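Asks: Next up is a structure, given as structure tokens.
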Amino acid sequence: MRTETYAPYEVLPPGLAAQVAALEAQAWPGSSPGHDPALAPRAVLLLDADGRVAACLALLHKPVRLADGHTYRAAGLSGVVTRADVRGRGHGSRLVAAARALLDADPAVDLALFSCDPELVPFYEAAGFEVLPGTVLVGGTPAEPLATDAPGLGKTVLGAFPARAGDGEGRADRVRAAFTGIRVPLYPGTIDRLW
């Protein structure tokens, strides 16, 4: 297995793009493949020995302005899926860990932020993401918001806060504190509604 990244998401070679779209359609029937280009999507793929997509995800990016007036450069995981015939072999874990390493190394990212179903929390924690108690992501549009705490949705918000040389002492802790226990206004639009 080898990990590949492509930026932007739309430049995936046609064969790989078709495989990613098929995996997403199997995981989320009825949804449209792909991501909003405004979120600078970047595909991360785990390819098997035959060059087929074993697992994939998208890294989405956007500035997030909080009520305190500060703007942070956020990235999030979206569309994490493993091919059905290779599930249970650690490929998803390997892919998410690779994505976390990419985010940690990216100087244009202040934090990673996304939501998942509560039963998936241990999977993401194993890759170094942490639950943000009381944090709610508010997506959709201002006129039609969709929040992670909406009735029947019940998502858990996770984050990661890279600490890099030159960031200043305690910067990761300050960013963590800014995003803990708040409603985060993402408002990405109608394509990636919760990121």
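Asks: If you check ALA160, ALA127, ALA99, which single one turns out to be over 24 Å from GLY181 (Cβ atoms) and within 13 Å of the chain's Cα centre (by Cα)?
Replies: ALA99
Asks: Still on this structure, please answer the following. Does GLY76 qualify as being of a type outside the set (Asp, Glu) and at positive phi?
Replies: No, not satisfied.
Asks: For segment 101-109, does any single residue satisfy the condition of being closer than 24 Å to GLN26 by Cβ and surrounded by 15 or more Cβ atoms within 10 Å (Cβ to Cβ)?
Replies: So far as segment 101-109 goes, no, none of its residues is closer than 24 Å to GLN26 by Cβ and surrounded by 15 or more Cβ atoms within 10 Å (Cβ to Cβ).
Asks: Counting just the residues of segment 1-33 that are in contact (Cβ under 8 Å) with a residue 60 or more places away in the chain and open to solvent by 50 Å² or more (accessible area, probe 1.4 Å), which one comes out farthest from ALA55 (Cα to Cα)?
Replies: Per the criteria, the residue is SER32.
Asks: Just give me the residues in segment 148-195 being among the small types (Gly, Ala, Ser) and without any contact (Cβ under 8 Å) to a residue 40 or more places away in the chain, in sequence order.
Replies: Listed by number, the residues that qualify are ALA150, GLY152, GLY154, ALA163, ALA165, GLY166, GLY168, GLY170, ALA172, ALA177.
Asks: Pairs under 7 Å by beta carbon, first residue farther than 16 Å from ALA160 by Cα in segment 83-101, partner open to solvent by less than 60 Å² (accessible area, probe 1.4 Å) and part of a helix (DSSP H, G or I), six or more apart or different chains?
Replies: Close Cβ pairs (under 7 Å, with a partner that is open to solvent by less than 60 Å² (accessible area, probe 1.4 Å) and part of a helix (DSSP H, G or I)) amount to ARG83/LEU23.
Asks: Quick one: VAL86 ticks every box in (1) more than 21 Å from ASP192 (Cβ to Cβ); (2) open to solvent by 40 Å² or more (accessible area, probe 1.4 Å); (3) modelled with pLDDT of 90 or more except a single one, so which number is it?
Replies: Of everything listed in (1) more than 21 Å from ASP192 (Cβ to Cβ); (2) open to solvent by 40 Å² or more (accessible area, probe 1.4 Å); (3) modelled with pLDDT of 90 or more, VAL86 misses just condition (2).
Asks: Quick one: in segment 42-53, which of the residues that are open to solvent by less than 30 Å² (accessible area, probe 1.4 Å) and free of Cβ contacts under 8 Å to residues at least 40 places away in the same chain is farthest from LEU95 (Cα to Cα)?
Replies: So, considering only residues that are open to solvent by less than 30 Å² (accessible area, probe 1.4 Å) and free of Cβ contacts under 8 Å to residues at least 40 places away in the same chain, the one farthest from LEU95 (Cα to Cα) is GLY51.
Asks: Restricting attention to segment 54-74, does a residue exist that is among the small types (Gly, Ala, Ser), touching a Cys at 6+ places or on another chain (Cβ under 8 Å) and open to solvent by less than 20 Å² (accessible area, probe 1.4 Å)?
Replies: No, segment 54-74 contains no residue that is among the small types (Gly, Ala, Ser), touching a Cys at 6+ places or on another chain (Cβ under 8 Å) and open to solvent by less than 20 Å² (accessible area, probe 1.4 Å).
The values are calculated or read from the model by the stated rules, or taken from the named source; none is laboratory data. What you are looking at is a predicted structure, and each value in this text was computed from that prediction instead of being measured. Backbone-built Cβ (ideal geometry, glycine too); neighbour counts: all protein chains shown. Note: accessible area is taken over every heavy atom of the protein model, side chains too, but ligands, DNA and RNA are not part of it. Shrake-Rupley method; radii C 1.70, N 1.55, O 1.52, S 1.80 Å.
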